Every structure is written in C-alpha cells, then in structure tokens.
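Peer 1: Here it is, the structure, as structure tokens.
The values are calculated or read from the model by the stated rules, or taken from the named source; none is laboratory data. This structure is a prediction, so every number in the text was calculated from the model and none was measured. Neighbour counts are summed over all protein chains in view; Cβ atoms, including those assigned to glycine, are modelled from backbone coordinates with ideal geometry.
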Amino acid sequence: MKSIILRIKIRGIDPSIWRQIKISSDATLLDLHYVIQYAFGWMNSHLFLFNIGSMKFVHTPDWEEDAYRFQAAALAALGGFIPKLVQKGGEFSYIYDMGDDWVHEILVETIEDSPRTFSGAICLDGKRAGPPENIGGVPGYYRLIEDLRDSTSEDYALTWGWLGFVYNPEAFNLDSTNLFIQDYFDAAQLSHDSLWARDFPVYKPGFDFIHAWTDDPEHLGYAEEVPLRRDVMTLLTYLREHKVKGTKATGNFPRKAIRGITAGFVNPPILDEQIGDQEYKLRTEDEVLDLLFIHHFVNLAGLVVGGENKPWRVTHLGNLFMDRTPLEQAWFLTKFWFYDFDWDNCYPFDDVTLNDHLGAFQKVLLKLILGYPTGRPVEITKVLADLDRTSPGWISFLGYDKMPVFTQRHYFEKIIVEPFEKLGLFETIKEESEHFKGYYDFTHIIMTDYGKALLQFFV
C-alpha cells in the first residue's frame, strides 16, 4: 500500500492558505474532494472539478446532463494516476464553486510505502482559515479582510451581519480537521455494508451553530426546554457514556440501550404494555417511533455514526453540538429540519405525496402560519382549510382522485404538527381519541413567540 503526501494551497491568496495531506493511494478523487472540504472549511454546497492533464473529474450525479463530458471522481483511485500521470513534484488542480472559482493547486510532495493499518487520510499541517463561501472569489476575500480590519467601522458591522458568524482569517484547528476526516472515512467504510451510512453528510460547525439569532438571550430559557433538543442530548449523552453496538440485522439500538435512552426522554414512551392477561414486552427499536425518528435524525445530521453489528458513537460534530449553548443547538436542529431533512420520513406510509418541491411548500406553509397570532389556539381544521385555499392540491393521495379528510389530517400532523412541537415552534392542544384508548388527537396549534422569532429566518 502506498500513501501520498499532497500540499494543497488556494491560488491567488497571499499570505498563503494551505494544507498538507497524507492520503492512501486507494482513496478516490471523491474522497480527496471531501478531505479538501473538511480541511479548508468549505460547505460542500457547490460543484467541483479536478484537472489532471487533459482529463477532468467530477462527481457525475451532480452534473446531470453534462456528466458525459467528464470522468467520474468516485471511480478514480489516486494510485491509478499517481505517479503514472502526476509524478513526485508534479501538480494537478481542484476547482471548487464555478462561480467564485476557488482554484486549489495540488503538489505531489512524496509517494511512500505505508503500513497496512493506514487508510483514509490525515491532515499533517496547514496555515490560515479557508475563505467563507459565496464571497466573490479571491477579490471578495480581499475585500472581506479589509472590512474586518477595524472592528469599530460600519463595514465591519455590515460584514459580520452578512456572514452571520465570526471569521478569523488566521485560525486553523488541525485536531478538529482530523476528527472530521476520521468520521468521514469511518462512515465511508461503513456505507459498504450498512443502510445507516449511505449518505454521511458534510457539515462545518462554525457555520451551522452560529447565527445572529443565537446571540439573542431572550429565547434562551425556552430553547433549553425544546423537547427535540433535550431528547437529542439524552441520546448523545447515553452513547458517549455507554458502549452500544447496532443489532446484526438492522443496526438499530439493542433493547438495553432503548430502555436506557428513552427513560430520559421528555415524554418517555411506553415500552411494555399489559392488554388483558397478556403482557407485550419491547422487542425492537422499530416499535418505539419517537426514538426511531430521533435516531434517524441525528444520524442524517452527522451527529452519530454506526450500523449493523458496529458500534454507535458520537461523531466529532456530535461532540461539538453537545458543547454548544441551547440556542445554538436549537438553531442547528431547526436549520437541519428545514434545509436537509426529508419531511416524508415522518410519515409511516407511501400513499401521500407533496405536489410541490419541499422547499417551495415550506415557504407557502411558513408564510401562512406566521400570519397567525402568537399565544392563541388555532384549530387544525382552520389551518388545513387555509392551506387548501392558499395552495390548492398541495398533496395527492396516490391512486385516488379525492383526498380523504382523515388521511390529509394524519399526514399534516405527522410531517408538520408533531415535529414542529418537538422543535418548540408550536405548542398544541390535544384531546383523547374517541377511537383508540390511550391515544390523543391534535385539535389546535399555538404559535409560540420563540417559534415566530425563529421561523422568520426560513421563509
């Protein structure tokens, strides 16, 4: 096995922003793309392209109808073209964001034998923080640096407000970078034999935890009590303090972990039930829908990683999440819910579908509910009627011309009312079901001041 040491710097910036990376020769160019994303603090939100000789490599699914023009980065192992096409001392390039056009010059410093125990990649060294996204390339970077020189200037205040986070151009954390890289390769390896790690996300904590809203202490007390935030912290704390291995068949939590985690939930679910003379005991996580939802949510958010017959552990991002303030944690969870989570995951059947793209539907929904006064109950039937009037035919009942009222309401409650309540955006009024003993039906939603202040950022 060979390992390759690369020196990567962003072209056109002085003093230089650079990283030294050691990566296994069996890693692909797609792996190197993710390593570069972590190492420079990029957000993986734009297209990329590698230039190697006369060939161009991309992640072909992202390029859609233009994909035929390029080679697939996911199929190109570094050892396949280094040193055949790029020898020691030679260079190739990586371009990220075809608008800002961040060109990374990649120098092959060394090719060496490595022990079998080395796989993946590690960042050996580096200097200075990567530029923020969407600032207009190198010219925009220099304007940003100039604006940040004087913290008392109007330009400084405007720039801080636009960025939404504090940017220190000299900051670079080697240890944190390597923990992110380790999580990526752990999940990449797991993805070959686990359904839990098919799409391990790329996130950067400095961007996802901090926002102008998180600096306002007005809602801190409410954020501390947000049910989803508390339940996520309960799950992460349990995994950090206990060894938990996923079941062999599904990768779900074993029964002991299910009981230990849910005992600390805001609303602990019933795990064992006595019906007549028969006692029905917990068997699998699939029976505990609240836990299953949170487990999937934190996995897709990159806070935990694990799978079939593999240990479940808190990732570096998960540990960073646990160290943040409740406001920052609430912001992260709400942002993930709106931007990266498929709401249909909350609906247990496949007989209903949104007719609009989720993002377009979210804007219609938020504009509607932000028009309701805070602190006053609004009947679910009114919300549904208002939604039908604002966006006629917003959902379809597959295979039928007419949407049953019960199905529409059930779908709305599962993908909106229940999650919004967990996120603290709504409070609800419920009454015991006429049909199912021990179950409750939602009758009203109540927009909270906290929810109204937070939701305005997602319209």
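Peer 1: Pick from Leu327, Leu368, Leu292: which is touching a Ser or Thr at 6+ places or on another chain (Cβ under 7 Å), under 30 Å from Leu398 (Cα atoms) and in a helix (DSSP H, G or I)?
Peer 2: On the way: Leu327 fails: under 30 Å from Leu398 (Cα atoms); Leu292 fails: touching a Ser or Thr at 6+ places or on another chain (Cβ under 7 Å).
Just a single option satisfies the conditions, and that option is Leu368.
Peer 1: Under 9 Å between Cβ atoms, which residue pairs at least 6 apart in sequence (or on different chains) link something in the range 191-202 that is within 19 Å of Val314 (Cβ to Cβ) and hydroxyl-bearing (Ser, Thr, Tyr) with a partner that is at pLDDT below 70 and surrounded by fewer than 19 Cβ atoms within 10 Å (Cβ to Cβ)?
Peer 2: Listed by first residue and then by second, the contacts come to Ser191/Arg198; Ser191/Asp199.
Peer 1: Regarding Phe118, is this residue modelled with pLDDT under 95 and of a type in the set (Phe, Trp, Tyr)? Walk me through how you get there before you give the answer.
Peer 2: Working: modelled with pLDDT under 95: yes; of a type in the set (Phe, Trp, Tyr): yes.
Yes, satisfied.
Peer 1: On the basis of being at pLDDT below 95, among the acidic types (Asp, Glu) and over 21 Å from Pro348 (Cα atoms), does Glu241 make the cut? Write out each step before concluding.
Peer 2: On the way: at pLDDT below 95: no; among the acidic types (Asp, Glu): yes; over 21 Å from Pro348 (Cα atoms): yes.
Against the criterion (at pLDDT below 95, among the acidic types (Asp, Glu) and over 21 Å from Pro348 (Cα atoms)), Glu241 does not qualify.
Peer 1: List every residue pair whose Cβ atoms sit under 7 Å apart, with the two residues 6 or more apart in sequence or on different chains, where the first one lies in the range 279-291 and is under 13 Å from Phe253 (Cα atoms) and the second, anywhere, is at pLDDT below 90.
Peer 2: Note: pairs meeting the criteria are Leu282/Asp272.
Peer 1: While we're here: If you go through the range 141-149 one residue at a time, do you hit one that is acidic (Asp, Glu), in contact (Cβ under 8 Å) with a residue 40 or more places away in the chain and either part of a helix (DSSP H, G or I) or assigned by TED's automatic domain parsing to the domain that holds Asp101 (or both)?
Peer 2: No - not one qualifying residue is present in the range 141-149.
Peer 1: Restricting to the range 361-406, name every residue that is of a type outside the set (A, V, I, L, M, F, W, C), within 20 Å of Ala453 (Cβ to Cβ) and under 30 Å from the mean Cα position of the chain (by Cα). Steps first, please.
Peer 2: Our first condition is that a residue be of a type outside the set (A, V, I, L, M, F, W, C); within the range 361-406, this holds for 362-363, 367, 371-377, 379, 381-382, 386, 388-393, 396, 399-402, 404.
Next, only the ones that are within 20 Å of Ala453 (Cβ to Cβ) stay: 362-363, 367, 371-377.
If the condition is that a residue be of a type outside the set (A, V, I, L, M, F, W, C), within 20 Å of Ala453 (Cβ to Cβ) and under 30 Å from the mean Cα position of the chain (by Cα), then Gln362, Lys363, Lys367, Gly371, Tyr372, Thr374 are the ones that fit.
Peer 1: Of the residues Ser25, Ser93, Ser54, which single one is out of contact with any strand residue (DSSP E or B) (no Cβ under 7 Å at 6 or more places or on another chain), assigned by TED's automatic domain parsing to the domain that holds Asn168 and of a type in the set (S, T, N, Q)?
Peer 2: Numbers: Ser25 fails: out of contact with any strand residue (DSSP E or B) (no Cβ under 7 Å at 6 or more places or on another chain); Ser93 fails: out of contact with any strand residue (DSSP E or B) (no Cβ under 7 Å at 6 or more places or on another chain).
Being out of contact with any strand residue (DSSP E or B) (no Cβ under 7 Å at 6 or more places or on another chain), assigned by TED's automatic domain parsing to the domain that holds Asn168 and of a type in the set (S, T, N, Q) holds for just one of Ser25, Ser93, Ser54, which is Ser54.
Peer 1: Still on this structure, I have one more. Of all residues in the range 401-459, which are among the polar types (S, T, N, Q) and touching a Gly at 6+ places or on another chain (Cβ under 9 Å)? Write out each step before concluding.
Peer 2: Step one: list which residues in the range 401-459 are among the polar types (S, T, N, Q), which gives 407-408, 428, 433, 443, 448, 456.
If the condition is that a residue be among the polar types (S, T, N, Q) and touching a Gly at 6+ places or on another chain (Cβ under 9 Å), then Thr448 is the only one that fits.
Peer 1: Could you list, in sequence order, all residues of the range 204-238 that are in a loop (DSSP other than H, G, I, E, B), modelled with pLDDT of 95 or more and either among the aromatic types (Phe, Trp, Tyr) or surrounded by fewer than 20 Cβ atoms within 10 Å (Cβ to Cβ) (or both)?
Peer 2: Our first condition is that a residue be in a loop (DSSP other than H, G, I, E, B); within the range 204-238, this holds for 204, 209-211, 216, 225-226.
Still in the running and modelled with pLDDT of 95 or more: 225-226.
Result: Glu225, single match.
Peer 1: Among the residues in the range 108-126, are any aliphatic (A, V, I, L, M) and over 16 Å from Val35 (Cα atoms)? Break it down stepwise before answering.
Peer 2: We begin by selecting, within the range 108-126, every residue aliphatic (A, V, I, L, M); these are 108, 111, 121-122, 124.
Restricting the remaining residues to those that are over 16 Å from Val35 (Cα atoms) gives 111.
Checking the range 108-126: at least one residue is aliphatic (A, V, I, L, M) and over 16 Å from Val35 (Cα atoms).
Peer 1: Here is a follow-up. Residues that are part of a helix (DSSP H, G or I), farther than 18 Å from Arg128 by Cβ and out of contact with any Gly (no Cβ under 7 Å at 6 or more places or on another chain): does the range 37-58 have at least one? Lay out the reasoning, then the answer.
Peer 2: As a first pass, look at the range 37-58 and keep what is part of a helix (DSSP H, G or I): 37-40.
Those still in the list that are farther than 18 Å from Arg128 by Cβ too: none.
Checked the range 37-58: no residue is part of a helix (DSSP H, G or I), farther than 18 Å from Arg128 by Cβ and out of contact with any Gly (no Cβ under 7 Å at 6 or more places or on another chain).
Peer 1: What residue, of Asn309, Asn252, is within 30 Å of Gln182 (Cβ to Cβ), in contact (Cβ under 8 Å) with a residue 40 or more places away in the chain, loosely packed, with under 15 Cβ neighbours inside 10 Å and not hydroxyl-bearing (Ser, Thr, Tyr)? Break it down into steps so the answer makes sense when it comes.
Peer 2: Details: Asn252 fails: loosely packed, with under 15 Cβ neighbours inside 10 Å.
Of the residues listed, the single one that is within 30 Å of Gln182 (Cβ to Cβ), in contact (Cβ under 8 Å) with a residue 40 or more places away in the chain, loosely packed, with under 15 Cβ neighbours inside 10 Å and not hydroxyl-bearing (Ser, Thr, Tyr) is Asn309.
Peer 1: Same structure, new question: Report, by residue number, each residue of the range 264-276 that is closer than 16 Å to Phe293 by Cα and either hydrophobic (A, V, I, L, M, F, W, C) or free of Cβ contacts under 8 Å to residues at least 24 places away in the same chain (or both). Step through it out loud before you land on a result.
Peer 2: From the range 264-276, those closer than 16 Å to Phe293 by Cα are 264-271; that's our starting set.
Passing the criteria: Phe265, Val266, Pro268, Pro269, Ile270, Leu271.
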